[in-house]
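Enquirer: My structure is below; once you've seen it, I'll send some questions.
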Amino acid sequence: MRAPLEESDDRIPHDRHRAGILEHGSVKLLTDSGVNGRVLSEGHRHDGIDLRFDGRSHRIDFQDLVGESVWLYPQNEVFVDLAAARERDGGDVRYGVRDTEVLDVTTDTSKIRVTEADGTEIEIHCRILVGADGSQSICRKAIPADVRTDHFIEYPFAWFGILTEAPPSAPELIYARSEYGFALISQRSETVQRMYFQCDPAEDASSWSEERIWDELQRRVDGLDGLELKRGRIFEQMVLPFRSYVCEPMRHGNLFLAGDAGHTVPPTGAKGLNLALADVRVLFRALDSFFSTGSGALLDAYSDTALQRVWKAQNFSYWMTSMLHTRSDATSFERRRALGELAAVTGSRYGRQYLAEAYTGGPDN
Ligand code: PHB
C-alpha cells in the first residue's frame, strides 16, 4: 500500500493559491459523505467578513444575519482529504496520465484513452463519464461546438497574491475597496497569511520588492481606525488572472461536466470549490437514482439543476468583483457610484443579509 498522502507528495497539485473558504453546505458534504472531519478540526470557522471602504470597516455578521458560518480551509487540503478517502475506499486512481482522449460520448461505447505515467496506453469503457478535469478541461471539448455555448467575460485586472510569514492582521477576512484598487486580507494559519491586491494582468510579480508590496497593500487598507498590516517575510508572490466562464450544457450524452471543467468564477466571492462540490452533490443524487432504480430523470435534469446554482454564483462573484474593484479608466461618477453601492449594502440589514446568504451558500443545499 502507498503511504498516505502528505502535502509534500508529488501527486498533490502544489497550488496554494486556491481560495480557502468553504460554505457550510460544502463542509456538511465533506463530513456527511465520510470524507473526514479534518475541515472541522484543522479549518477555522469564520462568522463574518469585513467590507472596507472610505477607510472604515463594516462587518457582515453571518451568524446574526443568516445563522451560518464559513470555514477557512485551503483547497489543497480538501484535495489531500479527497485523495486519502479515495485510497482508503479502494478507489483506483492513476496519477500522471497524459495524451487523454475522450471518445464516443453519445454512443453506448463511450471511452477514454490515456497513456499512463509508465508509458502504457489504456482504454477505459464507461457507462457514465464525469469530466471533473478543471478549467483546461479535455472532456469539455468532447461537447461539439454546435451544441455548446461558451459564456465568458474577461476582466481588465488580476490579483497580485502573496503568502507571508506573519501573524494575522485581522481575525476575519477584509475585502477592501480603496482609491488605489481592491485588496483582500486573508489568512492561512497563526503564522502564515494570504493577501491579494488588484493589479494589471500584465504585471510582472517578480519585479516587486517586499517593501513595495507591503506599502501597496497598506495604502489600500489605510483608514482613520489606524488598521496596520503585520508585515513579515514574503515567500510567494504571483499574478493570478481570472475570468467568468460557463459551459452550457454541462451534459452531453454520457458525459457530465463538474466543477471548473464546466464553469469558473472570479475569486472575489470564494465560490469556485463550493460550486464544484455543489455539482457533485447534484450528480451523486442523479447517479444514485439511476443505478438503483434505472431512472435517468435526474441525470436528464443534471445540467439545468447544476446551472441554476452556477448562474446565481456567477452573479454573486461578478457583483462582488465589480463592487470592490476599480477599473483604471473609471470615471469619477463610476468611482463614487460604487461607494454608494457599498454604503447601501452595508447600511441596510437586508443588504447585509443578501450578501451574507450568498457568501455562506444560501438555503438550497
Ligand atoms: C484565500 O484565502 O485565498 C481567499 C479567500 C477569500 C476569497 C478569495 C481567496 O474570496
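The values are calculated or read from the model by the stated rules, or taken from the named source; none is laboratory data. Being a predicted model, the structure only gives us computed values, none of them experimental. Using ideal geometry, Cβ is built from the backbone for each residue, glycine included, and neighbour counts are taken over all protein chains shown.
Conditions (1) closer than 22 Å to Tyr245 by Cα; (2) more than 16 Å from the ligand (Cβ to nearest atom), marked per residue:
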site	(1), (2)
Val130	yes, yes
Ala145	yes, yes
Ile153	yes, yes
Phe157	yes, no
Phe160	yes, no
Ala170	no, no
Tyr180	no, yes
Arg194	no, no
Leu227	no, yes
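Enquirer: For residues that are of a type in the set (D, E, K, R) and either surrounded by 14 or more Cβ atoms within 10 Å (Cβ to Cβ) or touching a residue at least 60 places away in the same chain (Cβ under 8 Å) (or both), tally how many sit in the stretch 288-325. Break it down into steps so the answer makes sense when it comes.
Expert: Narrowing the stretch 288-325 to residues of a type in the set (D, E, K, R): 288, 300, 304, 309, 312.
With either surrounded by 14 or more Cβ atoms within 10 Å (Cβ to Cβ) or touching a residue at least 60 places away in the same chain (Cβ under 8 Å) (or both) added as a condition, the list becomes 309, 312.
The total comes to 2.
Enquirer: Now for a separate question. Identify, please: which residue in the stretch 259-272 is farther than 18 Å from Ala356 by Cα and assigned to a helix (DSSP H, G or I) and is, among those, farthest from the ligand (Cβ to nearest atom)?
Expert: For the stretch 259-272, the residue satisfying everything is Ala261.
Enquirer: Looking only at the stretch 133-147, count how many residues are of a type in the set (Asp, Glu) and outside any loop (DSSP other than H, G, I, E, B).
Expert: So the first thing to find is which residues in the stretch 133-147 are of a type in the set (Asp, Glu), and the list is 133, 146.
In the following step, the residues that additionally are outside any loop (DSSP other than H, G, I, E, B) were identified as none.
The qualifying residues number 0.
Enquirer: Which pairs have Cβ atoms under 7 Å, sit 6 or more apart or on different chains, and link a residue in the stretch 164-189 that is at positive phi to one that is among the hydroxyl-bearing types (Ser, Thr, Tyr) and more than 14 Å from the ligand (Cβ to nearest atom)?
Expert: Here the result reads Gly181/Thr326, each pair linking the stretch 164-189 to a residue that is among the hydroxyl-bearing types (Ser, Thr, Tyr) and more than 14 Å from the ligand (Cβ to nearest atom).
Enquirer: What pairs come up if the first residue lies in the stretch 326-337 and is touching a residue at least 12 places away in the same chain (Cβ under 8 Å), the second is aliphatic (A, V, I, L, M), and their beta carbons are under 7 Å apart, counting only those six or more places apart or on different chains?
Expert: none
Enquirer: Turning to a different aspect of this structure: Inside the stretch 64-116, can you point out the residues that are part of a loop (DSSP other than H, G, I, E, B) and among the hydrophobic types (A, V, I, L, M, F, W, C)?
Expert: Here is the first cut: in the stretch 64-116, the ones part of a loop (DSSP other than H, G, I, E, B) are 67-69, 73-74, 89-97, 104-110, 116.
Matches in the stretch 64-116: Val93, Val97, Val105.
Enquirer: Tell me which residues, restricted to the stretch 53-63, are surrounded by fewer than 19 Cβ atoms within 10 Å (Cβ to Cβ) and outside any helix (DSSP H, G or I). So that I can check it myself, show each step before the final result.
Expert: First, pick out the residues of the stretch 53-63 that are surrounded by fewer than 19 Cβ atoms within 10 Å (Cβ to Cβ): 54-56, 58-59, 61, 63.
Residues satisfying the conditions are Asp54, Gly55, Arg56, His58, Arg59, Asp61.
Enquirer: Next question. Considering (1) over 20 Å from Pro267 (Cβ atoms); (2) touching a helix residue (DSSP H, G or I) at 6+ places or on another chain (Cβ under 6 Å), say which one Phe197 fails and leave the rest.
Expert: (1)
Enquirer: Further, regarding this structure: Answer with yes or no whether Arg220 is among the basic types (Lys, Arg), at pLDDT 95 or above, within 16 Å of the ligand (Cβ to nearest atom) and touching a Gly at 6+ places or on another chain (Cβ under 7 Å).
Expert: Details: among the basic types (Lys, Arg): yes; at pLDDT 95 or above: yes; within 16 Å of the ligand (Cβ to nearest atom): yes; touching a Gly at 6+ places or on another chain (Cβ under 7 Å): yes.
Against the criterion (among the basic types (Lys, Arg), at pLDDT 95 or above, within 16 Å of the ligand (Cβ to nearest atom) and touching a Gly at 6+ places or on another chain (Cβ under 7 Å)), Arg220 qualifies.
Enquirer: Lys271 is checked against (1) within 14 Å of Met250 (Cα to Cα); (2) crowded, with 20+ Cβ neighbours inside 10 Å; (3) of a type in the set (D, E, K, R) and fails just one. What number does that condition carry?
Expert: Status for Lys271: all satisfied but (1).
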